[in-house]
């Protein structure tokens, strides 16, 4: 007949085994897939060819509503939510904002300066007189993303913050579906 | 009687198992609820430095000159001339925004906010994959905790009296709020 203390001790061992097994399973399942030096976000990048950012901004009407891929350097990221990043052509300094749905894709703030490929639907947002005024005010205060998503994260102007690049009263951005950020 | 014992045992074991994660999620919940007031993920520190008038040159040369004048011995991730009067030098978790040619530098350091970055990473499910499954299991666990918790106490302090009214009050608050604000 087994003593009560011995039974308790055996129960403790069972729990330890359960814990060790659980951690082993978690470690196996949660181990990051080795994808070289790149990290993929959302659907990643599916298009083989990128459109040069300069070409995109010079001929926006040719691309509005179409799925495009752009390559460049990340020069800005939404500080609080990681809900957008700006991809800039290193030669010309022209950039386009990649806006993603809050929480669905989160770009790390510390990825600034890294090379990225990003794709999604290219959009043109016409700025209202109030937005143009706000941009002028923010330009003086250097307040990054001052009115980012002012009308709500799902509004048509979401992501057209004060510092989003604008050309002739339009903010051009990509509703991002995925991206690959190089290490 | 057996059924109540099962309810109590289930509530106890699931409660123990998820107690730690509940505390982490609660901390993160408060942190991200107030995202408009602070940055729950990163501590960002800004300093302004004057490095003096800079010569003309390629972005890489200008970046190296700025780093040299600031005594920073680190290879930049990238250097981008955003426009004629602005150069950005990207270092690991640090960005220098240089006004050209005057040499006015805004030095921005970003570091992960200790503990909050990690709990927010879990709570907002930035990792996806395995964590999505575990978070789903946690949600089911909470559901079981709520359902079993209701029936642990019997009598006047349970569903026969005080418990019932508290349950109704707790349910009423979100519905009244929705009725006033959304519907």
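The values are calculated or read from the model by the stated rules, or taken from the named source; none is laboratory data. The structure presented is a predicted model; accordingly, all values stated were derived computationally and were not measured. No Cβ is skipped: glycine too gets one built from the backbone with ideal geometry, and neighbour counts run over all protein chains shown.
Say whether the condition of being buried (at least 16 other Cβ atoms within 10 Å of the Cβ), assigned to a loop (DSSP other than H, G, I, E, B) and modelled with pLDDT under 90 is met by at least one residue in segment A:61-69.
Within segment A:61-69 (the criterion being buried (at least 16 other Cβ atoms within 10 Å of the Cβ), assigned to a loop (DSSP other than H, G, I, E, B) and modelled with pLDDT under 90), the answer is no, since none of the residues qualifies.
Of the residues B:100, B:62, B:24, which single one is touching a helix residue (DSSP H, G or I) at 6+ places or on another chain (Cβ under 6 Å) and touching a residue at least 24 places away in the same chain (Cβ under 8 Å)?
Just a single option satisfies the conditions, and that option is B:24.
Quick one: count up the residues across segment A:70-92 that are crowded, with 21+ Cβ neighbours inside 10 Å, within 9 Å of chain B (Cβ to nearest Cβ) and part of a loop (DSSP other than H, G, I, E, B).
3
Which of the following residues is within 10 Å of another protein chain (Cβ to nearest Cβ) and in contact with a strand residue (DSSP E or B) (Cβ under 8 Å, 6 or more places away or on another chain): B:89, B:105?
B:89
In this structure, does residue B:152 turn out to be more than 14 Å from every other protein chain (Cβ to nearest Cβ) and either at pLDDT below 95 or in contact with a strand residue (DSSP E or B) (Cβ under 7 Å, 6 or more places away or on another chain) (or both)?
yes
Looking only at segment B:76-86, which residues are out of contact with any helix residue (DSSP H, G or I) (no Cβ under 8 Å at 6 or more places or on another chain) and more than 7 Å from every other protein chain (Cβ to nearest Cβ)?
Selection gives B:84, B:85, B:86.
Tell me which of these residue B:47 doesn't satisfy, since it passes every other one: (1) within 13 Å of another protein chain (Cβ to nearest Cβ); (2) assigned to a strand (DSSP E or B).
Single failed check for residue B:47: (1).
Of the residues that make up segment B:6-17, is at least one part of a loop (DSSP other than H, G, I, E, B) and within 14 Å of another protein chain (Cβ to nearest Cβ)?
No, the conditions are met nowhere in segment B:6-17.
Scan (1) more than 9 Å from every other protein chain (Cβ to nearest Cβ); (2) within 18 Å of the chain's Cα centre (by Cα); (3) touching a residue at least 40 places away in the same chain (Cβ under 8 Å) for the single condition residue B:135 breaks and write down its number.
Status for residue B:135: all satisfied but (3).
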